[in-house]
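Peer 1: Quick one: this structure, given as structure tokens, is what I'll be asking you about.
The values are calculated or read from the model by the stated rules, or taken from the named source; none is laboratory data. Owing to the predicted nature of the structure, the values given are computational and were not obtained by experimental measurement. Cβ sites come from the backbone with ideal geometry, for glycine too, and all protein chains shown count toward neighbours. In case anyone asks, the SASA skips ligands and DNA or RNA and just uses the protein heavy atoms, side chains included. Shrake-Rupley method; radii C 1.70, N 1.55, O 1.52, S 1.80 Å.
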Amino acid sequence: MSKSTNESISSGNVQQFLTFVLNDETYGVGILHIREIIEYANLTVVPLMPDFISGVINLRGNVVPVINLARRFEHQAKEVGKRTSIIIIDIKDRDGESVEVGMVVDIVNEVIELADSDIAAAPMFGAKIRADFIQGMGKIDDKLMILLDVNHVLSINELSAVTNIADELTIPSESDIL
């Protein structure tokens, strides 16, 4: 670790990010938003949803909508491969309630720590995705990595549509029926 990282760790100014690859670009998501990482499988397509919503999965009895980040960023999605994964994240809806959403990514890498001094503001130009999706730019050695703001990847209306579909598809448990 560099001296600045050691100093930041001792002063508590370090954030952790899960890194992943999407169309040969590396991205990061704050680790506090991550619920779990699962293998890509058993996706159910829901008709009449936006193009970037791949479908839904059943995660321990909960219906979780899954978005394809490449399509969300208006890029070509790669073919599903052996390392394709779904990252389950928590995002906030308009009422501040936590909602689980899956994100399809090509490859999950590792968790990294970045000192606050290694995070630059989001650029106003030049990024391959919309600026409101970007929390900042992480500096690792001589490279930059886009740090996503997961609470802005879906708009309020899109999130509402996704959660409504998930609510409609949720199978009531026995305790709900009784």
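Peer 1: Considering only the stretch 37-64, state which residues are under 14 Å from Thr84 (Cα atoms), open to solvent by 40 Å² or more (accessible area, probe 1.4 Å) and outside any loop (DSSP other than H, G, I, E, B).
Peer 2: First pass over the stretch 37-64, keeping only residues under 14 Å from Thr84 (Cα atoms): 37-43, 54.
Remaining after also requiring open to solvent by 40 Å² or more (accessible area, probe 1.4 Å): 37, 39-43.
Once the filter is applied, which keeps residues that are under 14 Å from Thr84 (Cα atoms), open to solvent by 40 Å² or more (accessible area, probe 1.4 Å) and outside any loop (DSSP other than H, G, I, E, B), the stretch 37-64 yields Ile37, Glu39.
Peer 1: Could you figure out which of (1) surrounded by 13 or more Cβ atoms within 10 Å (Cβ to Cβ); (2) modelled with pLDDT of 90 or more isn't true of Val111?
Peer 2: Exception for Val111: condition (1).
Peer 1: Yes or no: Ile91 at pLDDT below 90, part of a strand (DSSP E or B) and not charged (D, E, K, R)?
Peer 2: yes
Peer 1: In the set Met145, Met124, which member is surrounded by 14 or more Cβ atoms within 10 Å (Cβ to Cβ) and either modelled with pLDDT under 85 or not acidic (Asp, Glu) (or both)?
Peer 2: Working: Met124 fails: surrounded by 14 or more Cβ atoms within 10 Å (Cβ to Cβ).
Of the residues listed, the single one that is surrounded by 14 or more Cβ atoms within 10 Å (Cβ to Cβ) and either modelled with pLDDT under 85 or not acidic (Asp, Glu) (or both) is Met145.
Peer 1: Select from the stretch 94-108 the residues that are in contact with a Ser or Thr (Cβ under 8 Å, 6 or more places away or on another chain) and in a loop (DSSP other than H, G, I, E, B) and write down the one among them that is modelled with the highest pLDDT.
Peer 2: So, considering only residues that are in contact with a Ser or Thr (Cβ under 8 Å, 6 or more places away or on another chain) and in a loop (DSSP other than H, G, I, E, B), the one modelled with the highest pLDDT is Asp106.
Peer 1: Modelled with pLDDT under 90 and either surrounded by fewer than 14 Cβ atoms within 10 Å (Cβ to Cβ) or out of contact with any Pro (no Cβ under 9 Å at 6 or more places or on another chain) (or both), is that true of Ala70?
Peer 2: Yes: the conditions hold for Ala70.
Peer 1: Could we say that Ile31 is surrounded by fewer than 16 Cβ atoms within 10 Å (Cβ to Cβ) and modelled with pLDDT of 90 or more here?
Peer 2: Working: surrounded by fewer than 16 Cβ atoms within 10 Å (Cβ to Cβ): yes; modelled with pLDDT of 90 or more: yes.
Yes: the conditions hold for Ile31.
Peer 1: Mind checking which residues of the stretch 77-94 are under 14 Å from Ser54 (Cβ atoms) and either of a type in the set (Phe, Trp, Tyr) or exposed (fewer than 13 other Cβ atoms within 10 Å of the Cβ) (or both)? Give the derivation first.
Peer 2: Filtering the stretch 77-94 down to residues under 14 Å from Ser54 (Cβ atoms) leaves 77-80, 84-88.
The answer is Glu79, and nothing else.
Okay, residues lined up against (1) farther than 21 Å from Phe17 by Cβ; (2) out of contact with any Leu (no Cβ under 8 Å at 6 or more places or on another chain):
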position: Pro47; (1), (2): yes, yes
position: Ile53; (1), (2): yes, yes
position: Val63; (1), (2): yes, no
position: Ile67; (1), (2): no, no
position: Ser85; (1), (2): no, yes
position: Asp106; (1), (2): no, no
position: Ala115; (1), (2): no, yes
